[in-house]
Amino acid sequence: MEIQAQNPHLSVLSQNLQDYAFLLLDLDGHIVRWSPEAERILGYCESEVSGKHFSLLKYQSCEQDKSQPEPVAGDAAYECRRIRKDGSSFWAKVIITSLHDENDRLTGFVKIVQDITERKRAEDRLAHLAAIVESSKDAIITTDRQGTIESWNLGARDLYGYPASEMLGKSILQVVPNIDPLSVFEHLNDLSNFESTFLTECGSLKTISITVSRLPDLMHSAGAISWICRDVTSHKIILDKVTQSNKDLEQFAYVASHDLQEPVRAVIGCLQLFEESITDNLSDRSRMFLSEAGKAALRMHALTNDLLSYARIQNRAPNIQTTDLSAVLNDVVQSLETQIKDNDIQITCEQLPLVEVDRSQLRHVLQNLVENAIKYRSENRLEIRLSAEEQPGHCVYCVSDNGIGFDMQFERRIFEIFQRLHSRSRYPGTGIGLAICRRIIERHHGRMWAESVPCEGSKFYFSLPVKQRG
């Protein structure tokens, strides 16, 4: 107790020190004082360790912590893995300090143990992330909010040709020109992606895809920006070729379907004239052949018409205007008034938001969906409903019915051109209607999909950007 008497403040300190295990040792290394935090951190109560040598506290691979502490020269601070009473281990920071009286005689030692497991885990995670960043094939760069480069990985060296030693402290404008880093930082909430070009030392031009994100503020810093840059030059070339190829195919489809109209009409006319001119001289078998030829010609006419409609969607510039789809649906209902009345069909529509679309193209979509519902109705009274759900930046519309429905394994197929789920004899048509609808929606920067249960009905969804509430 001589140590505590000489150092009255140690007793108060041991009782009030938070998050640190406080051990007071005599000259021989026996425990004189054991704080409440030491019991929580190490698992032993004071009665179990009081008067015992501190070596009963186990540790792993700690060269510095041997037998008993030494005089002044033995003062130390180190990190090691400690073992609690229950056998569990933790990372600890250990500080050993010598105590002296007023005559500078050594009287004992203070040993403080702090549990730093969470800090070690955080350091390991940061080291792991740093290794991932450094080994990434993408250029990963961090800057401060003014655009001064603070880190530069090997991917950045390979992409831009400069080592980190040349780029640290330089401006990001040297590799990403024509941007304002401070403006990027202040207006960046989520990830932002854009493309830039970069002229290499050998004079070749690269297209770079850049993803920018704001890094969380650490230690009250002013914040930073992450720039992930990827060379997409080869992808850009391939994409341009594919885009051009698609345009050529679309132009071919347009020209082919347009130019086929006249010969198909000529065939239909000739068949009709032929049938009328030799009606009395035809056998039943010949009449059958002539009838089948006429049906085939009419089907060819329908196919070329639909293919032309499909091609025109891409070739004709849309006439975008603020549109109320409720009014568009009313137009569709009026044009189908006879079918709706004859089949006792109920059509309802919710209050819908206004959208920026090509009115005539969206009318085509709604009319096709309503006509499909009528075509594939069940024996029950057909009910069709148009509803909408607003979501951030766009609105999802749903045209639902209680018709025959379809198996969801065919959901992708129904939107493919000239694909059918039923025989032509039972449900006539070319099988291109939904493909045209999806193409229209995609041209309006939306998407289209369907959900259905056989015998319970179908729901056709499409999304569109919102103008304002109607």
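Which three semi-axes in whole Å describe the equivalent ellipsoid of region 77-213, each the square root of 5 times a Cα gyration tensor eigenvalue, listed largest first?
Values: eigenvalues 482, 63, 47 Å².
Three semi-axes, in Å: 49, 18, 15.
Stretch Ala327-Val232 to full length: gain in nm at 0.36 nm per residue minus the Cα-Cα span? Could the numbers behind the result be given before it?
Numbers: separation 95, 0.36 × 95 = 34.20 nm, distance 4.52 nm.
Contour length minus the Cα-Cα distance gives 29.7 nm.
A short reminder: the numbers here are calculations on the coordinates, not readings from a lab. None of the values given here were measured: they were computed from a predicted structure.
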